[in-house]
1. Can you give the charge dipole size of segment 31-112 about its Cα centre, rounded to the nearest 20 debye, using +1 on the beta carbon of Lys and Arg and -1 on the beta carbon of Asp and Glu?
2. Would you mind ranking Ile60, Ile138, Ile153, Ile49 by Cβ crowding within 10 Å, fewest neighbours first?
3. Once R0 is set to 25 Å, what does the formula 1/(1 + (r/R0)^6) return for the Cβ-Cβ distance between Asp132 and Glu111, expressed as a FRET efficiency to the nearest 0.05?
4. Per residue, how much space in cubic angstrom lies within the convex hull of the C-alpha atoms of segment 49-163?
Amino acid sequence: MNVSTSTSGIKRRTVKTLNEEEENAATLHLGPEFDIKQYTHDGEAMDLIALNLSEARIVIRTALKERKKLMTPNVGANEVLKKTLDYLSVFARFRDSETCAAVEQVLKTPENSNLHPFELAQLGSLACDDTDEAKTLIPSLGNKKTDDELQNILNQLSRLETPY
């Protein structure tokens, strides 16, 4: 029997079953990592927390400072971590924790309670100038906010943005 060894052990694509949905950001089918209810390692339920790039930058930098206090000075030598911090330094819109707190207050008002945490994080990360741009980059916003409401949010975020 002549069996090709180049294809042995390769998982072939299968047809999706009815209960398997394809991930689609436009409809907020983002996978289990973005379910509103998350479960800790202890099995406790908690709400999803999605960070914008500025918040992620602050969290990582704070964690590195704490590690440096407790460990050797070479703790930040991981190449992936360095590249991540470089990326966040370039693309984070808001530079300090006070500004990030103000951004969170703008985004987490009761009027925005219908927005998914992913949408809020994207609004905080992307520097959208107008509603068309925001709805193009975050298509799931389409029916959740009027153009005036969305433009008001974008204007507030622009006022908080740190100039380079």
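Read-outs throughout are calculated quantities, based only on the coordinates presented, and are distinct from any laboratory measurement. The model shown is predicted, which means the values in this text are computed figures rather than measured ones. Cβ coordinates were reconstructed from backbone atoms using ideal geometry, including for glycine residues, and neighbour counts include every protein chain displayed.
1. Details: 12 positive and 13 negative charges, 120 e Å.
The dipole magnitude comes to about 580 debye.
2. Working: Ile60 16, Ile138 25, Ile153 22, Ile49 9.
In order of increasing Cβ crowding within 10 Å: Ile49, Ile60, Ile153, Ile138.
3. Values: r = 21 Å, r/R0 = 0.83.
My answer for the efficiency is 0.75.
4. Details: hull volume 12.8 nm³, N = 115.
Spelled out: Cα convex hull of segment 49-163, divided by residues, is 111 Å³.
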